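Reviewing the structure listed below.
The values are calculated or read from the model by the stated rules, or taken from the named source; none is laboratory data. None of the values given here were measured: they were computed from a predicted structure. No Cβ is skipped: glycine too gets one built from the backbone with ideal geometry, and neighbour counts run over all protein chains shown.
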Amino acid sequence: MPQMDRQQEKISETAIRTVIARPLDMKLEVATIPVSDVERAKTFYTGLGWRLDADFTVGDSFRVVQVTPSGSPSSVHFGTNATSAEPGSAQGLFLIVSDIEATRAELIVRGVAVSDVFHRTGPGKPAINGLDPQRRSYGSFATFSDPDGNSWLLQEVTDRLPGRVDTDITTFTSSIELAAALRRAASAHGEHEKRNGDQHDANWPDWYATYIVAERAGQPLPL
């Protein structure tokens with residue numbers, strides 16, 4: 001028994017050192033929202049273009065539907081007896097988009113009632129109609145609700161704040177998101193070439209890569 005205790009203590013010490021060096025991954029997989037009519041909610045969310053992952057029924061008392069927003073690593077659950085929360089009580093659920101105007105236009109085509117785009121001059125400040133004047137990341141919003149009144153907030157994010165992403169990993173959840181990053185890099189690279197006498201930069205792929213990784217990680221951008 002003493003030998004077993006020492007082995008367990010050694011394993012625990014190793015585990016602690018591992019956690020201190022790099023916290024274990026804990027990925028947010030699913031958020032549950034409360035709805036009153038499962039079939040209606042399923043029609044609404046798949047009508048947004050969200051992927052239908054599952055629709056399980058157990059007897060007459062339990063049903064769960066899982067859908068995933070386009071480009072999202074996390075999914076949404078709703079169903080019969082999936083949660084005790086009041087239908088419509090989920091408020092201010094964030095959906096991050098790279099182009100809020102294009103996203104709003106697509107939702108309208110899909111028949112969704114979306115608010116006008118708005119911005120704020122600071123946290124807690126009143127909403128002001130229109131895009132953020134400088135089109136700053138995190139600065140432009142729009143809202144919509146599902147048939148039960150669960151509300152979603154669209155927020156345009158192009159540059160992540162420092163510390164918000166793993167600086168060792170640069171990922172994109174869709175080709176649209178990657179294309180938007182490439183367009184921003186191309187625009188910035190054009191200014192880079194102007195500052196250098198309009199000389200063609202033969203190493204533009206490296207410059208693009210550096211720009212995109214830095215932008216994603218919230219680090220200083222190359223000039």
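Quick notes on this one:
- Residue within the stretch 174-188 that is at pLDDT 85 or above and of a type in the set (Ser, Thr, Tyr) present: yes
Results for (1) within 28 Å of Thr68 (Cα to Cα); (2) part of a loop (DSSP other than H, G, I, E, B), shown as yes or no for each residue.
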position	(1), (2)
Thr121	no, yes
Gly124	no, yes
Leu182	yes, no
His189	no, no
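- Some residue of the stretch 138-151 being more than 19 Å from the chain's Cα centre (by Cα), of a type in the set (Gly, Ala, Ser), closer than 23 Å to Phe44 by Cβ and outside the structural domain of Asp37 (by TED's automatic domain parsing): yes
- Residue in the stretch 117-131 that is crowded, with 17+ Cβ neighbours inside 10 Å and out of contact with any strand residue (DSSP E or B) (no Cβ under 6 Å at 6 or more places or on another chain) present: no
- For the stretch 109-122, the criterion of being without any contact (Cβ under 8 Å) to a residue 24 or more places away in the chain and either in the same structural domain as Arg183 (by TED's automatic domain parsing) or within 21 Å of Asp148 (Cα to Cα) (or both) is met by at least one residue.
- In the stretch 42-76, of all residues being part of a strand (DSSP E or B) and touching a residue at least 40 places away in the same chain (Cβ under 8 Å), the one that is surrounded by the most Cβ atoms within 10 Å (Cβ to Cβ) corresponds to Val76.
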